[in-house]
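Student: I have a structure here, written as structure tokens, and I will follow up with some questions on it.
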Amino acid sequence: MSSETDDKHKFRTSTRLLHAGYDPHVFHGFVNPPVVRASTVLFPDAATMRRRDHTYLYGLRGTPTTEALEAALDDLEGSAGTILVPSGLAAISVPLLAFLGQGDHCLVIDSVYGPTRHFCDTMLRRMGVEIEYFDPAIGAGLRDLMRENTRVVFLEAPGSNTFEMIDIGEMADIAREGGAVSMMDNTWATPLFLRPLDFGVDLSIHALTKYPGGHSDLMLGSVSANAATYKRLRDAQMQIGVNAAPDDAYLTLRGLRTMEVRLRAHERAALDLAQWLEARADVARVLHPGLPSFPGHDLWRRQFKGASGLFSIVLNGGGQREAEAFLDALRIFGLGYSWGGFESLALHVDLSDRLFAKGPSEGPVIRLQIGLEDVEDLREDLARGFAAVQALV
């Protein structure tokens with residue numbers, strides 16, 4: 001490792017975000033890495049080709065563009081290696097396929113991202129993997145669910161849509177003691193606010209589509225692994241034959257440069273609105289880990305360095321009719337899936353697939369992504385939604 005690289009690891013996060021994963025002098029001093037679109041790589045001679053003794057072998061195995069993003073994520077995550085895949089769901093699917101097979105047992109937190117559950121309940125069950133969901137509040141009781149054939153413990157924190165918090169280190173330790181690999185979907189926090197590997201998690205999963213991309217115009221996922229799991233993860237990626245497009249890798253690298261500035265703005269606006277919402281009579285609960293009133297707030301403070309712009313509210317009474325009236329009245333908040341872009345979004349959360357983490361019962365759960373618009377405009381927009389619900393009475 002060069003002294004220049006050593007110096008980069010000493011920099012603070014905002015500086016590292018701007019310089020991680022790329023040395024401009026490798027490509028004639030240009031500030032941004034080039035977009036290298038490639039399939040075929042030519043070898044200088046037959047012996048080199050036979051030995052596969054070449055920096056790049058084939059486009060599927062990576063290019064300078066994808067390699068730059070992998071290196072940047074390794075720097076941010078503290079990981080031994082990172083793979084890139086075409087979506088956040090692929091970033092969930094590939095590691096599960098890498099470490100599970102017929103007859104294995106997989107423990108999955110019940111507050112997991114919906115498509116993760118769908119993948120487990122369809123593809124993995126067809127493969128002969130036994131899936132067992134567990135209550136996010138289980139704590140040390142997770143140890144009682146471990147079996148001789150438990151190979152993976154899949155975590156997400158905070159929980160998808162309902163934001164339950166867990167003791168990440170405790171659950172990672174239980175998995176390791178039982179001979180299982182721990183994986184965690186860390187999309188909400190990004191590596192700026194949480195580095196799962198620092199808590200003993202083996203693999204950190206991200207939908208780079210969200211805050212790293214930041215502009216709602218790309219699909220990408222990553223899995224960052226520790227030294228014990230990286231080779232098997234990379235081998236599985238190549239066995240499946242899936243990698244990221246260089247254009248999307250380039251856009252994500254560009255997004256990383258401003259991610260901390262954006263995340264802090266999302267954080268401030270979301271907390272401002274969460275506190276305002278908490279004081280409203282027409283809101284039964286605000287599900288935001290950064291609020292002292294939230295049941296998992298102490299766990300959040302102990303483990304996380306910040307909060308992103310995604311949280312939920314529970315309307316005070318009603319059901320689908322009230323939820324749709326609220327959403328249809330919004331003029332700034334868009335009605336759409338995904339989050340992490342510059343724009344505010346809202347949706348009615350469906351928790352019907354939950355076994356344990358069923359969520360609040362006072363009324364419909366509305367998930368809000370707080371974007372980068374003016375906070376007062378967003379406040380007025382939400383007030384329009386509440387007025388529409390009141391008009392139904």
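Student: Could you identify the single residue in E177, E130, E156 that is within 30 Å of R262 (Cα to Cα), in the same structural domain as A90 (by TED's automatic domain parsing) and either among the aromatic types (F, W, Y) or without any contact (Cβ under 8 Å) to a residue 60 or more places away in the chain (or both)?
Tutor: E156
Student: Can I ask one more? Condition first: charged (D, E, K, R) and over 30 Å from A137 (Cβ atoms). Now tell me which residues in the stretch 339-387 satisfy that.
Tutor: Within the stretch 339-387, E343, E373, D374, E376, D377, R379, E380, D381, R384 meet the criteria.
Student: May I ask you to list the residues in the stretch 331-387 that are more than 17 Å from G309 (Cα to Cα) and of a type in the set (A, V, I, L, M)?
Tutor: Scanning the stretch 331-387 gives L351, L355, A357, A383, A387.
Student: Any residue in the stretch 270-284 that is of a type in the set (G, A, S) and free of Cβ contacts under 8 Å to residues at least 12 places away in the same chain?
Tutor: Step one: list which residues in the stretch 270-284 are of a type in the set (G, A, S), which gives 270, 274, 279, 281, 284.
From what is left, the residues that are free of Cβ contacts under 8 Å to residues at least 12 places away in the same chain are 279.
Yes; the residues of the stretch 270-284 include at least one that is of a type in the set (G, A, S) and free of Cβ contacts under 8 Å to residues at least 12 places away in the same chain.
Student: Examine the stretch 58-71 for a residue that is modelled with pLDDT under 95, assigned by TED's automatic domain parsing to the domain that holds T229, over 24 Å from L203 (Cα atoms) and surrounded by fewer than 18 Cβ atoms within 10 Å (Cβ to Cβ), and state whether such a residue exists.
Tutor: Within the stretch 58-71, one or more residues are modelled with pLDDT under 95, assigned by TED's automatic domain parsing to the domain that holds T229, over 24 Å from L203 (Cα atoms) and surrounded by fewer than 18 Cβ atoms within 10 Å (Cβ to Cβ).
Student: Hey, among the residues in the stretch 22-46 that are modelled with pLDDT of 90 or more and touching an Asp or Glu at 6+ places or on another chain (Cβ under 8 Å), which one's nearest to L253 (Cα to Cα)?
Tutor: Filtering first and then ranking leaves V35.
Student: crowded, with 22+ Cβ neighbours inside 10 Å and over 23 Å from R232 (Cα atoms) - does that describe any residue in the stretch 33-44?
Tutor: For the stretch 33-44, residues crowded, with 22+ Cβ neighbours inside 10 Å and over 23 Å from R232 (Cα atoms): present.
Student: I need the full set of residues from the stretch 132-175 which are surrounded by fewer than 17 Cβ atoms within 10 Å (Cβ to Cβ), more than 27 Å from G309 (Cα to Cα) and within 22 Å of the chain's Cα centre (by Cα), in order please.
Tutor: E132
Student: Would you call G340 farther than 29 Å from L107 by Cα and modelled with pLDDT of 95 or more? Even if it seems obvious, please write down each step before you answer.
Tutor: On the way: farther than 29 Å from L107 by Cα: no; modelled with pLDDT of 95 or more: yes.
It is false that G340 is farther than 29 Å from L107 by Cα and modelled with pLDDT of 95 or more.
Student: Need at least 1 residues that are touching a residue at least 12 places away in the same chain (Cβ under 8 Å) and more than 30 Å from R262 (Cβ to Cβ) per element, so show me which helices (runs of 4 or more DSSP H) inside the stretch 1-116 make the cut, counting only ones lying wholly within it.
Tutor: 88-99
Student: Condition first: in a loop (DSSP other than H, G, I, E, B), in contact with a helix residue (DSSP H, G or I) (Cβ under 8 Å, 6 or more places away or on another chain) and under 16 Å from A388 (Cα atoms). Now tell me which residues in the stretch 306-360 satisfy that.
Tutor: If the condition is that a residue be in a loop (DSSP other than H, G, I, E, B), in contact with a helix residue (DSSP H, G or I) (Cβ under 8 Å, 6 or more places away or on another chain) and under 16 Å from A388 (Cα atoms), then G318, A329, L330, R331, I332, F333 are the ones that fit.
The values are calculated or read from the model by the stated rules, or taken from the named source; none is laboratory data. Predicted, not measured: the structure shown is a model, and the values here were computed from it. Every residue, glycine among them, receives a Cβ derived from its backbone with ideal geometry; neighbour counts consider all protein chains shown.
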